[in-house]
1. Does B:Q71 satisfy the condition of being among the polar types (S, T, N, Q) and not in a strand (DSSP E or B)?
2. State all residues of segment B:144-178 that are in a strand (DSSP E or B), touching a residue at least 12 places away in the same chain (Cβ under 8 Å) and among the charged types (D, E, K, R); if no residue qualifies, say none.
3. Pick out the one residue from A:A80, A:A98 that is more than 9 Å from chain B (Cβ to nearest Cβ), over 26 Å from A:A181 (Cβ atoms) and of a type in the set (A, V, I, L, M).
4. Take the residues in segment B:108-122 that are at the interface with another protein chain (Cβ under 9 Å from one of its Cβ atoms) and closer than 22 Å to B:T177 by Cα, then tell me which one is least open to solvent (accessible area, probe 1.4 Å).
5. Within 11 Å of another protein chain (Cβ to nearest Cβ) and not aromatic (F, W, Y), is that true of A:K172?
6. Condition check: open to solvent by 30 Å² or more (accessible area, probe 1.4 Å), of a type outside the set (S, T, N, Q) and within 17 Å of A:P37 (Cα to Cα). Does A:C83 satisfy that?
7. Mind counting the residues in segment A:1-46 that are surrounded by 15 or more Cβ atoms within 10 Å (Cβ to Cβ) and either modelled with pLDDT under 90 or in a strand (DSSP E or B) (or both)?
8. I'd like the residue in segment A:158-180 that is farther than 22 Å from A:V114 by Cα and either outside any strand (DSSP E or B) or without any contact (Cβ under 8 Å) to a residue 12 or more places away in the chain (or both) and, out of all such residues, is most open to solvent (accessible area, probe 1.4 Å).
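The values are calculated or read from the model by the stated rules, or taken from the named source; none is laboratory data. All values reported here derive from a predicted model rather than from experimental measurement. Reconstructed Cβ throughout: ideal geometry from the backbone, glycine too, with neighbour counts over all protein chains shown. Keep in mind that these areas ignore ligands, DNA and RNA; they rest on the heavy atoms of the full protein, side chains included. Shrake-Rupley method; radii C 1.70, N 1.55, O 1.52, S 1.80 Å.
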Amino acid sequence: MKTLSSFAILLFAVLAAQGAEIHPPAQVTAGTAITIPTSGSGDADLYLVGPASASKRKVQAGSDISVESDQLEHAGRYVAILCASDGCASSSFFVNPAAANRLSLLVHPSRVPVGSGNGISTVAFVFDNFHNLVLKPEPVKFSVLPKGGSEVSADREAKDGVAWVRLTSAKKEGPTKLGAAIGHANEVRVVQQVAADACNLRIKASRVKNNYLIETDPVRDCSGNSVPDGTVVSFTMTDAEGKTTVDVPIKRGVAKIEMPIKGRARVTVASGVVTGNELEVGG
Amino acid sequence: MKTAALRYSLLGVGFAVLICAAAAMYLRASASGEIPRVQMNAENVGPRQIEDLTGKSIPRDYALAWQTMAQALENNRTDMLNGYFTGFEKDELTQRVKSQIKSGLHTRYQDRGHKLEAIFYAPAGDAMQLRDRAQLDMQVLDDGKVICEEPLNVEYVGIISPGADRWVVRQLQAVGTQKP
């Protein structure tokens with residue numbers, strides 16, 4: 001009888017000595033409310049520490065404690081700590097991203113010459129409604145809508161929350177819209193396609209009083225797009241007195257200059273790395 | 001004979017206490033002062049290859065980001081986040097610090113190192129995605145009293161982007177635990 005009562009006392013003591021425990025679910029979806037079962041008894045403090053929050057509130061140990069959805073919007077590791085009179089117990093859990101519904105789109109560059117092979121890079125980062133990066137594979141639809149042209153699209157599967165494509169710019173200058181879509185998100189960026197380097201640069205000369213007027217034909221790239229005004233064209237004259245170079249910006253599609261030429265001279269033209277024809281004038 | 005045994009036991013216990021105290025002091029010092037160890041592997045990164053200089057600056061800047069984050073969370077200082085965090089990550093951490101201040105909490109990290117793997121480098125070089133296997137010891141303190149203490153082996157996925165003179169963290173998301 002004495003042994004039995006001793007055993008009962010010991011059992012009671014062991015049970016009484018058991019601290020409060022806390023058992024959150026191991027995995028939670030972002031923006032979802034949960035209930036955390038606890039054991040123990042009496043007044044206690046519940047702490048919830050997550051990526052963007054750290055809260056403390058009074059609870060009753062042994063009861064189920066509810067955590068509102070807005071406290072669990074940020075994906076990552078959370079620690080729930082329950083501190084009662086007999087000590088603290090903690091348990092961690094992960095909040096996983098919700099469904100993909102947002103995109104962050106990086107398009108580079110904002111201006112690109114026409115016909116640039118793989119000249120445009122488009123990267124889409126996939127997020128849920130709470131800006132958590134969605135790591136599971138999701139199809140992202142990329143689209144290109146040139147001005148006055150029809151849309152072209154392609155699907156790419158996001159890996160670890162990232163999908164990307166490289167595009168060649170069109171042959172025709174003008175703005176083009178680049179988009180990426182997932183869920184309800186559709187992000188669009190505009191890339192300005194500009195004429196590439198001048199092509200078939202040609203000059204002609206005519207007499208104006210005592211000078212020569214040296215003038216280019218309308219300056220275009222190899223696809224026939226007008227090279228923008230302001231692009232510099234260099235005229236170089238070589239005569240008996242030596243070499244003279246004059247830089248002239250294109251105005252209204254052409255570049256021209258009046259040169260005083262005495263005797264015979266050779267005139268060449270260049271724009272960037274592109275060289276044009278050569279003229280012999282004077283004599 | 002019995003007295004000698006007692007004396008040696010006491011001596012042993014005293015020595016153990018001394019070692020523990022020294023270790024605790026060392027750990028606390030390194031938590032705030034030292035830059036975390038970061039090893040980076042960029043062998044499988046794509047589509048762009050990492051430039052030599054970038055390969056050196058990322059581990060340094062990422063380590064400084066972790067150091068400043070640990071300081072911000074330990075001392076509840078949002079200004080510590082200005083240097084190496086931007087965008088949503090900075091907003092998130094700022095929110096965390098503010099809520100720690102409101103609740104009277106502090107979080108202390110003892111950083112035991114990071115194994116960083118570059119997994120995506122944007123073709124234009126304007127963003128990089130990293131996977132980080134971090135080893136940490138974390139303490140949560142309420143009014144200076146430790147209420148939770150645990151060693152962590154956590155895997156993070158991060159997005160960093162180049163700033164004016166450094167790489168800054170845009171996103172840092174814990175995605176799971178791993179075996180040590």
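1. Against the criterion (among the polar types (S, T, N, Q) and not in a strand (DSSP E or B)), B:Q71 qualifies.
2. Scanning segment B:144-178 gives B:E149, B:E150, B:E155, B:R170.
3. A:A80
4. Ranking the qualifying residues of segment B:108-122, first place goes to B:F120.
5. no
6. no
7. Residues flagged as surrounded by 15 or more Cβ atoms within 10 Å (Cβ to Cβ) and either modelled with pLDDT under 90 or in a strand (DSSP E or B) (or both) within segment A:1-46 amount to 15.
8. Per the criteria, the residue is A:D160.
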